[in-house]
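A quick write-up on the structure given underneath.
The values are calculated or read from the model by the stated rules, or taken from the named source; none is laboratory data. On a predicted model such as this, the values are computed, not experimentally measured, just so you know. Here the Cβ positions follow ideal geometry from the backbone for every residue, glycine too, while neighbour counts run over all protein chains shown.
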Amino acid sequence: MFFQFIKKSSNVKTGAIPVTNSSRDTCPPACPLKGDAGCYDEALFWTRLNWDKVDTGERGASWSDLLDQIRALPDGQLWRHNVAGDLPPSGDNQIHISKLLQLVEANSGRKGFTYTHYPMTMINEGLVNMANRRGFTINASADTEKQAVNLYRRELPTVSLVAANKRGADWRKFKRDGVQFVRCPAEYLETDCAACQLCQRSDRRCVVGFTPHGSNKNSAEIIASD
């Protein structure tokens, strides 16, 4: 596995904050969007090309190198882990316990956040809760509104695909089974993660929704439509 650290992102959606990418072998087998099934990072040419180079080690470095770069960030710095990739694995669909503990420690005093498609088994859910309590925000990624409601009710910070054909192109917010969904502001406002920081707030009282996008959006749309 290889891990890429970018001190200042040129990604329009994230804004000019530090970001990372992890090689594809961090992605859990359980993720229904893997490959061309709807993964956004596979859908954009330049993102996919960069990810290919992280996979081979042409770009990126070791886990310990990544931790050192995170520790070097100033206190209070907002940063996003994994524009592409997921948390380090320990076997199929299991988050690596010691590596996550190391990541949480490296983030101490900083404002790191990420998203995971690991299934929320008892062990994984416990690890996610631990990280959120200690200041490193891990959002549980849902693929349908129904799944998002379930994760949110388990008191996990949750994000979800929202089928565009169910909400319409200009949706901003709605409720499903009493749970508030709020569309990612960067999808319809001139803002970015650096300014918004909604996904970094582990105590927020809503699910953050994303419309399927990219060249694989039709596949993601089918999954989101449940």
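What the table shows:
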quantity	calculated
Positions within the range 123-173 being aliphatic (A, V, I, L, M), over 18 Å from the mean Cα position of the chain (by Cα) and at pLDDT 95 or above, in sequence order	I123
Subset of the range 47-98 (residues that are over 16 Å from the mean Cα position of the chain (by Cα), on the phi > 0 side of the Ramachandran plot and either in contact (Cβ under 8 Å) with a residue 40 or more places away in the chain or surrounded by 14 or more Cβ atoms within 10 Å (Cβ to Cβ) (or both))	G57, G60
Flag if K8 is basic (K, R), free of Cβ contacts under 8 Å to residues at least 12 places away in the same chain and either under 19 Å from Q200 (Cα atoms) or in contact with a strand residue (DSSP E or B) (Cβ under 6 Å, 6 or more places away or on another chain) (or both)	yes
Leading residue by the ranking (farthest from N132 (Cα to Cα)) among those in the range 198-226 that are touching a residue at least 60 places away in the same chain (Cβ under 8 Å) and basic (K, R)	K217
Unmet requirement for G38, which otherwise passes all of (1) in a loop (DSSP other than H, G, I, E, B); (2) more than 19 Å from C199 (Cβ to Cβ); (3) out of contact with any Asp or Glu (no Cβ under 9 Å at 6 or more places or on another chain)	(3)
